[in-house]
1. Residues 88, 103: which one is surrounded by fewer than 17 Cβ atoms within 10 Å (Cβ to Cβ), more than 19 Å from residue 41 (Cβ to Cβ), of a type outside the set (A, V, I, L, M) and in contact with a strand residue (DSSP E or B) (Cβ under 6 Å, 6 or more places away or on another chain)?
2. Going by what's in this entry, would residue 156 be described as within 17 Å of the chain's Cα centre (by Cα), part of a strand (DSSP E or B) and under 30 Å from residue 172 (Cβ atoms)?
3. Does the range 29-49 include one or more residues that are touching a Gly at 6+ places or on another chain (Cβ under 6 Å) and either surrounded by 13 or more Cβ atoms within 10 Å (Cβ to Cβ) or among the hydrophobic types (A, V, I, L, M, F, W, C) (or both)?
4. Quick check on my filter: what residues within the range 114-132 are surrounded by fewer than 19 Cβ atoms within 10 Å (Cβ to Cβ) and outside any loop (DSSP other than H, G, I, E, B)?
5. Checking residue 96 against (1) in contact (Cβ under 8 Å) with a residue 40 or more places away in the chain; (2) of a type in the set (S, T, N, Q); (3) in contact with a strand residue (DSSP E or B) (Cβ under 7 Å, 6 or more places away or on another chain): exactly one of these is not met. Which one?
6. Please go through the range 159-184 and give me each residue that is touching a residue at least 40 places away in the same chain (Cβ under 8 Å) and part of a strand (DSSP E or B), ordered by number.
7. Among the residues of the range 1-34, which ones are more than 16 Å from residue 95 (Cα to Cα), of a type outside the set (Ser, Thr, Tyr) and at pLDDT 95 or above?
8. If the requirement is being over 17 Å from residue 14 (Cα atoms) and either in a strand (DSSP E or B) or of a type outside the set (A, V, I, L, M, F, W, C) (or both), which of these qualifies: 53, 80?
Amino acid sequence: MAFLRSPFAADPPPTLRDGHAVMRVPDMTDYEQWAALRARSRDFLTPWEPVWPANDLTRAAFRSRIRQYWRDIDDDAAYPYFIFDAQGEVLVGALTLSNVRRGVAQTGTLGYWIGLPHARRGYMTSAVRLAVDFAFRHLGLHRVEASCLPHNRASINLLQKCGFEREGLARGYLKIAGEWRDHLLFARLCN
């Protein structure tokens with residue numbers, strides 16, 4: 001029953017696509033592209049993310065990440081996706097619908113990052129729209145939440161463009177770049 005459990009408990013989540021981007025669950029074959037994109041984008045991403053562990057870009061850490069992704073999918077707790085170009089060949093970023101809460105909440109939280117060479121090219125707009133549609137139509141969620149730093153104008157614009165509405169400010173919400181930071185809270189409801 002969708003109210004209590006995801007329809008993907010036994011199967012992988014579907015590949016999502018529009019004319020601009022392809023999204024699929026990551027696997028070990030993505031390691032080289034992922035590590036190269038993250039390394040190239042490190043300075044670009046650092047102000048917006050938690051501090052990276054020293055071994056973050058290693059194959060072993062990536063393997064652990066993949067195993068955790070599949071546990072999260074199996075538990076209906078999170079749905080991680082890598083974002084690729086329209087041909088599904090070039091990794092451009094990632095998006096995860098996490099903290100899935102069932103029962104009376106039917107809510108999930110959206111998080112995302114885009115690699116430096118692919119920023120402001122519309123990939124994340126496509127990805128967020130695809131993820132929201134997936135959350136509402138396939139997972140049966142009622143609400144998708146997202147947050148961003150108050151000075152992250154690109155993320156604010158993205159969320160608003162994708163139909164999210166600002167709901168407030170969470171003080172000391174997430175530890176970003178080594179410090180507890182306030183975040184603007186956004187949400188979109190299923191129509």
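The values are calculated or read from the model by the stated rules, or taken from the named source; none is laboratory data. Everything numeric here is computed off the predicted structure, so don't read it as measured data. We place every Cβ from the backbone using ideal geometry, glycine too, and count neighbours over all the protein chains shown.
1. Answer to the selection: 88.
2. no
3. Scanning the range 29-49 turns up at least one residue that is touching a Gly at 6+ places or on another chain (Cβ under 6 Å) and either surrounded by 13 or more Cβ atoms within 10 Å (Cβ to Cβ) or among the hydrophobic types (A, V, I, L, M, F, W, C) (or both).
4. To start, the set of residues in the range 114-132 that are surrounded by fewer than 19 Cβ atoms within 10 Å (Cβ to Cβ) comprises 116-117, 119-122, 125, 129.
116, 117, 125, 129 - these are the residues of the range 114-132 that are surrounded by fewer than 19 Cβ atoms within 10 Å (Cβ to Cβ) and outside any loop (DSSP other than H, G, I, E, B).
5. (1)
6. Result: 174, 175, 176.
7. 28, 32
8. Details: 80 fails: over 17 Å from residue 14 (Cα atoms).
None of the others qualify; the one that does is 53.
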